[in-house]
Ligand code: A3P
């Protein structure tokens with residue numbers, strides 16, 4: 001029903017009728033398999049339009065994630081790193097855009113920019129305040145994006161997360177946006193789909209592997225983070241992230257001012273989730289309450305939702321999928 005009030009181009013309608021489809025969990029409509037990944041109809045139109053019309057600039061910075069891996073956090077961090085000379089990160093300074101805007105508004109998703117019937121949207125509003133970088137984001141896998149970025153030096157910032165926590169977070173998120181009554185949403189049904197990879201933007205493991213492989217091959221193009229690592233050693237990773245983004249912290253910033261700590265505090269779960277905009281605001285594009293993006297923000301919450309057998313099955317899939325690639329989640 002989400003897709004019902006969206007408009008589709010004739011091309012999308014034709015494509016949808018030719019693709020393998022599956023009834024999606026908690027949706028009255030379908031998800032479709034296109035070039036090995038699964039998408040809702042709206043996102044599929046986004047992929048197709050993006051593949052045709054998005055040409056990355058060398059200076060584009062794209063936050064790429066599988067849903068629920070830490071997108072909101074990473075968007076906030078990238079935004080505040082890049083714009084910190086214009087907007088001081090001290091939370092006492094009242095004019096920082098993160099204080100009045102949900103991070104998703106500051107780094108829009110290519111997925112949504114390209115999903116309307118205008119196949120070639122204007123991206124000029126995505127420029128950072130220094131007018132140098134366009135700040136973008138996507139949940140799309142690397143495969144459909146690859147052609148769009150191959151002639152540029154644009155940079156990708158990817159964050160992944162333990163699939164068990166990702167799954168639990170995703171379950172809560174979808175259940176919340178599709179129904180008010182969590183009891184109606186079988187976790188087991190969604191679990192099956194997640195394990196099979198037949199889920200929006202799935203499979204999770206193929207999504208992660210696409211970006212992981214590129215980060216090994218082109219470390220100057222892809223910065224690969226793990227949610228758990230970022231939680232464990234935020235200072236270390238944020239300093240590296242700033243370097244990667246081409247906006248390194250100066251010796252002075254690192255030595256004198258607690259700038260990194262301030263920035264981390266500004267972007268922290270506790271700080272962002274308690275702002276009025278994130279408690280009661282709504283995102284215009286998705287028509288979702290901003291609070292939906294803040295739940296617990298912790299590592300290991302899956303133990304409260306998954307049986308030992310469910311945990312074991314997910315761990316086994318992860319071990320098998322990543323065995324040859326030196327990645328541990
Ligand atoms: P939980 O559901 O486990 O709490 P995404 O931003 O990719 O949609 O991911 C959402 C997950 O990140 C949720 O996880 C959410 O609580 C957590 N999150 C949101 N903002 C965060 C922040 N500033 N720091 C740490 N985690 C955050």
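One residue is enough: does the range 103-111 have a residue meeting the conditions away from the ligand (no atom under 16 Å from the Cβ) and closer than 30 Å to residue 172 by Cβ? Can you show your working first?
Of the range 103-111, the ones away from the ligand (no atom under 16 Å from the Cβ) are none.
Scanning the range 103-111, I find no residue that is away from the ligand (no atom under 16 Å from the Cβ) and closer than 30 Å to residue 172 by Cβ, so the answer is no.
Identify, from the list 17, 28, the residue that is part of a helix (DSSP H, G or I), surrounded by fewer than 23 Cβ atoms within 10 Å (Cβ to Cβ) and out of contact with any strand residue (DSSP E or B) (no Cβ under 8 Å at 6 or more places or on another chain). So that I can check it myself, show each step before the final result.
Numbers: 28 fails: part of a helix (DSSP H, G or I).
Among 17, 28, only 17 is part of a helix (DSSP H, G or I), surrounded by fewer than 23 Cβ atoms within 10 Å (Cβ to Cβ) and out of contact with any strand residue (DSSP E or B) (no Cβ under 8 Å at 6 or more places or on another chain).
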Kindly indicate the residue of the range 238-251 that is in a helix (DSSP H, G or I) and under 19 Å from the mean Cα position of the chain (by Cα) and also farthest from residue 72 (Cα to Cα) among those meeting that condition.
244
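Return yes when residue 76 is out of contact with any strand residue (DSSP E or B) (no Cβ under 6 Å at 6 or more places or on another chain) and at pLDDT 95 or above and no when it is not.
Details: out of contact with any strand residue (DSSP E or B) (no Cβ under 6 Å at 6 or more places or on another chain): yes; at pLDDT 95 or above: yes.
Yes; evaluated as a whole, the condition is true for this residue.
Is there a residue in the range 315-323 that is closer than 24 Å to residue 191 by Cα, more than 13 Å from the ligand (Cβ to nearest atom), touching a residue at least 40 places away in the same chain (Cβ under 8 Å) and surrounded by fewer than 15 Cβ atoms within 10 Å (Cβ to Cβ)?
Let us first name the residues in the range 315-323 that are closer than 24 Å to residue 191 by Cα, namely 315-323.
Narrowing further to those that are more than 13 Å from the ligand (Cβ to nearest atom): 315-323.
Narrowing further to those that are touching a residue at least 40 places away in the same chain (Cβ under 8 Å): 315, 317-318, 321-322.
Next cut, surrounded by fewer than 15 Cβ atoms within 10 Å (Cβ to Cβ) only: 315.
Yes, the range 315-323 contains at least one residue that is closer than 24 Å to residue 191 by Cα, more than 13 Å from the ligand (Cβ to nearest atom), touching a residue at least 40 places away in the same chain (Cβ under 8 Å) and surrounded by fewer than 15 Cβ atoms within 10 Å (Cβ to Cβ).
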Hey, any hits in the range 239-258 for a residue that's at pLDDT 95 or above, within 19 Å of residue 60 (Cα to Cα) and within 15 Å of the ligand (Cβ to nearest atom)?
yes
Note on the range 265-283: residues touching a residue at least 40 places away in the same chain (Cβ under 8 Å) and within 13 Å of the ligand (Cβ to nearest atom) are 265, 266, 267, 269, 271, 272, 275, 278, 283
Based on what the data block shows, is residue 87 within 24 Å of residue 202 (Cβ to Cβ) and in a loop (DSSP other than H, G, I, E, B)?
no
Residues to consider are 264, 275, 306; find the one that is surrounded by 14 or more Cβ atoms within 10 Å (Cβ to Cβ) and under 20 Å from the mean Cα position of the chain (by Cα).
264
Could you list, in sequence order, the residues of the range 124-152 that are out of contact with any strand residue (DSSP E or B) (no Cβ under 6 Å at 6 or more places or on another chain) and surrounded by fewer than 20 Cβ atoms within 10 Å (Cβ to Cβ)?
124, 125, 129, 130, 131, 132, 143, 146, 147, 150, 151, 152
If we scan the range 220-237, do we find a residue that is part of a helix (DSSP H, G or I), surrounded by 17 or more Cβ atoms within 10 Å (Cβ to Cβ) and out of contact with any strand residue (DSSP E or B) (no Cβ under 9 Å at 6 or more places or on another chain)?
yes
Restricting attention to the range 243-258, which residues are surrounded by fewer than 14 Cβ atoms within 10 Å (Cβ to Cβ) and under 19 Å from residue 224 (Cα atoms)?
243, 246
With the checklist (1) in contact with a helix residue (DSSP H, G or I) (Cβ under 9 Å, 6 or more places away or on another chain); (2) under 23 Å from residue 295 (Cα atoms) in hand, flag the one item residue 186 doesn't pass.
(1)
Considering each residue of the range 79-110, count those that are over 23 Å from residue 235 (Cα atoms) and out of contact with any strand residue (DSSP E or B) (no Cβ under 9 Å at 6 or more places or on another chain), and give that number.
4
All positions within the range 47-76 that are within 15 Å of the ligand (Cβ to nearest atom) and either on the phi > 0 side of the Ramachandran plot or not in a strand (DSSP E or B) (or both)
66, 67, 68, 69, 70, 71, 72, 73, 74, 75, 76
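The values are calculated or read from the model by the stated rules, or taken from the named source; none is laboratory data. These figures come from a predicted structure and were not determined experimentally. Glycine also receives a Cβ, built like all others from the backbone with ideal geometry; neighbour counts cover every protein chain displayed.
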